[in-house]
1. Answer yes if at least one residue in the range 233-245 is within 19 Å of the chain's Cα centre (by Cα), modelled with pLDDT of 95 or more and on the phi > 0 side of the Ramachandran plot, and no otherwise.
2. Identify the single condition in (1) exposed (fewer than 14 other Cβ atoms within 10 Å of the Cβ); (2) at pLDDT 95 or above that residue 26 does not satisfy, given that it satisfies every other one.
3. Any chance the range 391-401 includes a residue that's free of Cβ contacts under 8 Å to residues at least 12 places away in the same chain and basic (Lys, Arg)?
4. Show the residue pairs meeting these rules: Cβ distance below 8 Å; 6+ apart or different chains; first residue within the range 224-247 and in the same structural domain as residue 272 (by TED's automatic domain parsing) and acidic (Asp, Glu); second residue surrounded by fewer than 24 Cβ atoms within 10 Å (Cβ to Cβ) and at pLDDT below 95.
5. Would you check which residues across the range 243-273 are of a type in the set (A, V, I, L, M, F, W, C) and crowded, with 24+ Cβ neighbours inside 10 Å and list them?
6. Sort through 226, 222 and tell me the only one that's more than 30 Å from residue 397 (Cα to Cα), out of contact with any helix residue (DSSP H, G or I) (no Cβ under 9 Å at 6 or more places or on another chain), at pLDDT 95 or above and not aromatic (Phe, Trp, Tyr).
7. Have a look at 274, 296 and point out the one that is assigned by TED's automatic domain parsing to the domain that holds residue 415 and touching a Phe, Trp or Tyr at 6+ places or on another chain (Cβ under 7 Å).
8. What number of residues within the range 111-151 satisfy the criterion of being outside any strand (DSSP E or B) and of a type outside the set (D, E, K, R)?
Amino acid sequence: MKHGRRFVALPLLALFLFLAPTAMAKIIWYVNGANGSDGNNCKSPKTACKTIGHAIALGPSGSVIFVGPSIYAENLTINSSLAIIGSGSDTTIIDGQHLNTVVSIPNSKAHVVIAGFTIRNGEASYDAGGSGGGIANRGTLVVFKSIITQNVAGDFSADDSDGAGIYNRGMLTLRYSTVSDNETEYSYFGYGGGIFTDGTATISDSTIANNIGGATDMYGTGIYNGGMMVVNRSVISGNQYAFDGSGIFNDRLGTATINNSTITGNGNYYSYGGGIANAGTLAINNSTISGNEASGTSGVVGPATIQNSIVADNLTGNCFGTMTSVGYNLSSDKTCNFNGPGDQNNVEPKLGPLLNNGGPTQTLAELAGSPTIDAGNPEGCTDSQGHLLKTDQRGFPRPGRFKRKHRCDMGAFERQRD
C-alpha cells in the first residue's frame with residue numbers, strides 16, 4: 001500500500017496564500033485518523049499522528065499539517081501560524097461533539113489556513129462567551145473549499161449568541177466554501193447565524209444558506225457585519241428568522257460591498273429587511289436580490305448605493321430608504337424609485353428559480369426575453385471603484401467596455417451569447 005495516497009495535496013492555492021508571507025514552511029506533519037498514532041513522530045505518512053490537536057501541539061509556527069480522510073472528534077485551539085490541509089470536505093471531518101467551539105484562533109498574530117474540511121457540531125455555550133460554534137477567529141484566517149455546518153452558538157445563560165458558523169474579530173477570507181444550517185439559540189440577542197464579522201471579511205465563490213436565528217432579537221441570520229466586508233460571486237439564500245436582515249444585516253459601523261452575488265429566499269414574515277437590512281454603508285454592484293420575505297420591506301432596507309442590479313419580486317416590497325442609483329438597475333415595483341440612467345422601475349425581470357446553472361454557486365438565470373439582458377452599463381459593469389467585473393457570479397465572461405454587439409447584463413447572471 002502506498003500510504004501517501006491517503007493525503008490529498010488539494011488546495012495548492014491555500015498553501016501559497018499561507019506560505020507567501022513567511023517564504024517557507026519549517027516542517028510538514030501528517031495526521032491519519034484511521035491508522036495513525038499520537039505516539040508516532042508524525043513526520044511522514046507512514047508515521048502519522050492520529051489527532052490534529054497533537055500535530056498542532058508539535059508544530060512550530062510555519063508548519064503545514066496534511067490530514068487524511070477520517071472523522072476527527074476534536075475541539076482545536078490554534079495559537080501559532082500554520083496551514084491545516086484536509087483531504088476534501090466530503091471525507092475529512094472535524095466534529096466538535098457539541099462540547100465547545102470546533103476551531104478557536106485566539107491569537108491576533110496567528111496566520112492560519114484551513115482547507116478541505118467539514119467543520120460541524122460545534123457549540124459555543126456561555127463558558128465560550130456564546131460566540132463561534134464552528135470557528136472563532138481573532139487572527140488572520142483563510143478558509144478554502146470547506147463546509148461549516150450544524151454548529152450552534154448560545155445557551156440559556158448567554159446574553160448574546162453570535163456567529164454560530166463563523167465568529168470573526170480578525171481578518172477572514174472565505175473562498176469556495178459553504179456556511180449552512182448553523183443556528184443561534186436561547187439568548188436574547190443574536191448576531192450572525194452563519195457568519196458574525198466585525199473585523200475584515202472577504203467572502204468569494206461561497207454559499208451562505210439555511211442558517212437559523214433562534215435568539216429573541218436576531219440580526220443577520222446569514223451574515224452580520226460590523227466591520228469591513230466584501231462579498232464576491234456568492235449566494236446567500238434560505239436564511240430564516242431575523243428581526244432585521246435575514247440575509248445580511250450591516251450595522252451602523254459596517255461597510256459592506258456586494259459584487260456579482262445573489263440574495264434570495266431569505267426571511268420570514270415576522271421580520272424586516274428579508275434580503276438586506278443596512279444601518280451603515282452599503283454598495284451593491286451587479287447583484288440580484290429577489291424572492292425574499294418579511295413583514296416589513298423584504299428586499300433592501302436602509303440607504304444603499306446600487307448599480308447594474310436587480311431588486312425584484314420580494315414579498316412586501318423591494319426597497320425602503322434612500323437608494324442612490326448609479327444607473328442600470330431594475331425593480332419589479334416602484335418602491336426603489338431608481339432614477340439613474342438606464343434604470344427600469346415596475347418591470348418584471350423574468351428570472352428562473354435558484355438552480356445550479358454552472359459555476360461554484362447557484363444562481364437565478366435570466367429567462368429568454370428578460371429586460372435585464374444587454375441592459376447594463378454600456379461602459380461595462382464595474383465594482384464600486386470602477387474596476388471592470390469581467391465575469392458573472394458563476395465565473396462566466398461578461399462583455400467589456402463599449403462592446404458593439406452586446407452589453408453586460410443587469411444582475412449576478414450573464415446570459416452567454418455569441
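The values are calculated or read from the model by the stated rules, or taken from the named source; none is laboratory data. These figures come from a predicted structure and were not determined experimentally. Virtual Cβ from ideal backbone geometry, glycine too; neighbours counted across all protein chains shown.
1. yes
2. The failed condition is (2).
3. In the first step, residues of the range 391-401 are kept if they are free of Cβ contacts under 8 Å to residues at least 12 places away in the same chain; the result is none.
No, every residue in the range 391-401 fails to be free of Cβ contacts under 8 Å to residues at least 12 places away in the same chain and basic (Lys, Arg).
4. 244/272
5. Restricting attention to the range 243-273, the residues satisfying the condition of being of a type in the set (A, V, I, L, M, F, W, C) are 243, 248-249, 253, 256, 258, 263.
Of everything in the range 243-273, those that are of a type in the set (A, V, I, L, M, F, W, C) and crowded, with 24+ Cβ neighbours inside 10 Å turn out to be 248, 249, 256, 258, 263.
6. Only one candidate passes the filter, namely 226.
7. Going through 274, 296 in turn, the sole match is 296.
8. Qualifying residue count for the region: 16.
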